[in-house]
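I have placed the structure first, in the form of structure tokens, so that the comments after it can refer back to it.
The values are calculated or read from the model by the stated rules, or taken from the named source; none is laboratory data. Note that the structure is predicted; figures quoted are calculated from it, not measured. Methodologically, a virtual Cβ is constructed for each residue, glycine included, from the backbone with ideal geometry; neighbour enumeration extends over all protein chains shown.
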Amino acid sequence: MTKIHQRLLFAVFAVALVFPGNAHADAFDKWVRDFWPTARAAGVSANTYNAAFAGVRPDETILKSASSQAEFVRPIWSYLDSAISDKRLSNGKQKLIEYRSTLDAIEARYGVDRHIVVAVWGMESSYGAVLDNPKIVKSVIRSLATLAYADRRRKKFGRQQLVAALKILERGDIHPAGMTGSWAGAMGHTQFIPTTYQAYAVDFDGDGRRNIWTSIPDALGSTAAYLNKMGWRSGETWGYEVVLPRNFNFELADETTQRTLAEWDRLGVNRTGARNFPRPSDKAILYMPSGARGPAFLLLKNFRVIKRYNNANAYALAVGHLGDRLRGGDTFAKSWPRDAKPLTRSDKKALQQLLQAKGLYNGAIDGKIGARSRAAIRQYQNRIGHIPDGYASTDILGKLKGS
């Protein structure tokens with residue numbers, strides 16, 4: 001029995017556990033038939049469609065992953081410790097040597113720093129290591145069909161990405177068995193979802209196929225091409241760790257107001273290591289992810305470009321810092337407040353409700369600490385004589401509850 005046949009038998013068995021009985025299988029088969037006109041209208045042939053769905057049934061593990069996302073309470077320093085581990089640094093430096101000529105060509109064509117490209121590779125798939133893990137890597141068609149068929153919240157996303165995935169198969173870049181990815185359909189070494197792949201993936205090795213699954217040049221070239229299209233500024237960095245002066249006005253760290261590096265410098269915000277900013281006219285915002293007790297950063301345009309890959313400050317900071325470390329840079333100069341306990345999503349909602357009750361906050365009670373929440377926290381911190389850094393801490397939550 002081939003591995004493909006084994007996988008198909010396992011797929012049918014797994015579906016029977018969550019979708020027991022022929023009625024559920026018939027319902028999915030009907031859904032596949034009903035979805036065919038949508039795929040056909042997008043230019044997918046019957047042969048490609050039938051091959052893509054041969055033996056496919058919904059995957060219960062996809063629905064579990066989609067419905068049981070844990071509340072995120074990991075502090076940023078713990079995330080960075082994992083993202084920039086000794087092993088990831090060592091492996092990344094080896095990859096820089098192994099693919100030096102490829103990265104030379106990618107850098108020349110797209111102008112994106114090789115260390116950032118390799119850092120994204122490391123963050124997204126540990127340089128391809130996770131692609132060998134069957135608990136993580138799944139059939140993209142099966143995953144997206146499951147979301148489109150059975151996940152109410154992600155049905156629209158599943159349908160959109162499924163059409164794009166089918167069009168990739170139609171083009172012949174990959175065959176159905178080779179089109180693998182995460183439970184949400186992120187594919188290959190650098191985890192492109194199908195629509196992003198369609199728009200930005202490139203055939204860097206010149207073999208006529210955009211193959212981000214097994215061609216390292218295509219995967220890294222596609223990453224650089226995407227960052228280039230998002231506005232990467234060649235020859236520039238993502239940001240700088242900085243030292244703040246005593247009696248600094250923390251209301252300036254609102255994460256929205258841009259000033260030139262020269263203006264920040266005049267305010268006493270200096271680059272660590274007593275080094276000068278190479279381009280004083282560059283504009284930056286001040287970012288303090290753990291409040292006044294932790295490191296502070298001036299973030300440039302390229303930081304926002306990295307966030308187009310994953311819209312999370314922690315992710316972009318990890319990619320930027322991993323890139324710096326791969327280049328030979330140092331660890332952050334200021335230590336993280338590792339004794340601090342991060343707030344849960346429920347804690348953050350409670351914080352917003354308490355601030356609202358005091359007339360300081362009029363935004364949504366959603367557990368997302370954005371500019372409005374931080375402004376309200378600053379007002380409260382000023383009221384009680386604390387440093388107004390806008391940081392949502394257990395200390396502030398406790399003060400609010402006590403008052």
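For the range 178-193, the candidate set comprises residues that are closer than 25 Å to residue 47 by Cβ and out of contact with any Lys or Arg (no Cβ under 8 Å at 6 or more places or on another chain); within that set, the residue that is surrounded by the fewest Cβ atoms within 10 Å (Cβ to Cβ) is 178. Scanning the range 327-334 turns up at least one residue that is surrounded by fewer than 19 Cβ atoms within 10 Å (Cβ to Cβ), aliphatic (A, V, I, L, M) and modelled with pLDDT of 95 or more. When residue 112 is tested against (1) part of a helix (DSSP H, G or I); (2) more than 30 Å from residue 35 (Cβ to Cβ), just one condition goes unmet, and that condition is (1).
What's the total number of residues in the range 257-311 that are in a helix (DSSP H, G or I) and either of a type outside the set (A, V, I, L, M, F, W, C) or touching a Cys at 6+ places or on another chain (Cβ under 7 Å) (or both)? Result for the range 257-311: 11. Being closer than 22 Å to residue 162 by Cβ, of a type outside the set (Gly, Ala, Ser) and not in a helix (DSSP H, G or I) is the filter here; which residues of the range 121-151 pass it? The answer is 134, 136, 137, 138, 151. Checking the range 281-303 against the condition returns a match, with at least one residue being without any contact (Cβ under 8 Å) to a residue 24 or more places away in the chain and either of a type in the set (Ser, Thr, Tyr) or in contact with a strand residue (DSSP E or B) (Cβ under 7 Å, 6 or more places away or on another chain) (or both). Out of the residues in the range 363-392 meeting the condition of being in contact (Cβ under 8 Å) with a residue 24 or more places away in the chain and of a type in the set (D, E, K, R), tell me which one is nearest to residue 252 (Cα to Cα). In this case the residue turns out to be 389.
Counting just the residues of the range 239-281 that are over 16 Å from residue 333 (Cβ atoms) and buried (at least 17 other Cβ atoms within 10 Å of the Cβ), which one comes out modelled with the lowest pLDDT? Top of the filtered list is 253.
Only one of the listed residues (392, 333, 371, 340) is closer than 23 Å to residue 79 by Cβ, in contact with a strand residue (DSSP E or B) (Cβ under 8 Å, 6 or more places away or on another chain) and not charged (D, E, K, R). That residue is 333. Evaluated against (1) surrounded by 14 or more Cβ atoms within 10 Å (Cβ to Cβ); (2) in contact with a helix residue (DSSP H, G or I) (Cβ under 7 Å, 6 or more places away or on another chain); (3) at pLDDT below 90, residue 24 falls short on exactly one condition, (2).
Here 209, 246 are screened, and the one residue that is closer than 22 Å to residue 191 by Cα and either assigned to a loop (DSSP other than H, G, I, E, B) or not hydroxyl-bearing (Ser, Thr, Tyr) (or both) is 209. Residue count for the range 350-403, restricted to those that are of a type in the set (Ser, Thr, Tyr) and in contact with a Gly (Cβ under 7 Å, 6 or more places away or on another chain): 3.
Do we have residue 236 as surrounded by fewer than 18 Cβ atoms within 10 Å (Cβ to Cβ) and either in contact with a Leu (Cβ under 7 Å, 6 or more places away or on another chain) or part of a loop (DSSP other than H, G, I, E, B) (or both) here? Here the answer is yes, as residue 236 does meet what is asked. Only one of the listed residues (225, 199) is under 14 Å from residue 116 (Cβ atoms), modelled with pLDDT of 95 or more and part of a helix (DSSP H, G or I). That residue is 225.
Scanning the range 222-270 for residues being among the aromatic types (Phe, Trp, Tyr) and more than 30 Å from residue 196 (Cα to Cα) gives a total of 3.
Each row is one residue, and each column tells you yes or no for (1) touching a Ser or Thr at 6+ places or on another chain (Cβ under 9 Å); (2) surrounded by 13 or more Cβ atoms within 10 Å (Cβ to Cβ); (3) in a helix (DSSP H, G or I); (4) of a type in the set (Gly, Ala, Ser).
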{"residue": "360", "(1), (2), (3), (4)": "no, yes, no, no"}
{"residue": "369", "(1), (2), (3), (4)": "no, yes, no, no"}
{"residue": "374", "(1), (2), (3), (4)": "no, yes, yes, no"}
{"residue": "381", "(1), (2), (3), (4)": "no, yes, yes, no"}
{"residue": "398", "(1), (2), (3), (4)": "no, no, yes, yes"}
{"residue": "401", "(1), (2), (3), (4)": "no, no, yes, no"}
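Scan the range 322-329 and tell me whether some residue there is under 23 Å from residue 95 (Cβ atoms) and either in contact with an Asp or Glu (Cβ under 6 Å, 6 or more places away or on another chain) or part of a loop (DSSP other than H, G, I, E, B) (or both). Yes, there is a match, as at least one residue in the range 322-329 is under 23 Å from residue 95 (Cβ atoms) and either in contact with an Asp or Glu (Cβ under 6 Å, 6 or more places away or on another chain) or part of a loop (DSSP other than H, G, I, E, B) (or both).
Residues in the range 266-312 that are within 19 Å of the chain's Cα centre (by Cα) and within 21 Å of residue 77 (Cβ to Cβ): 9 in all.
Within the range 51-67, residues that are assigned by TED's automatic domain parsing to the domain that holds residue 139 reach partners that are outside any helix (DSSP H, G or I) and among the hydroxyl-bearing types (Ser, Thr, Tyr) with beta carbons closer than 9 Å, at six or more positions or on different chains, in the pairs 56/139; 59/139; 65/182.
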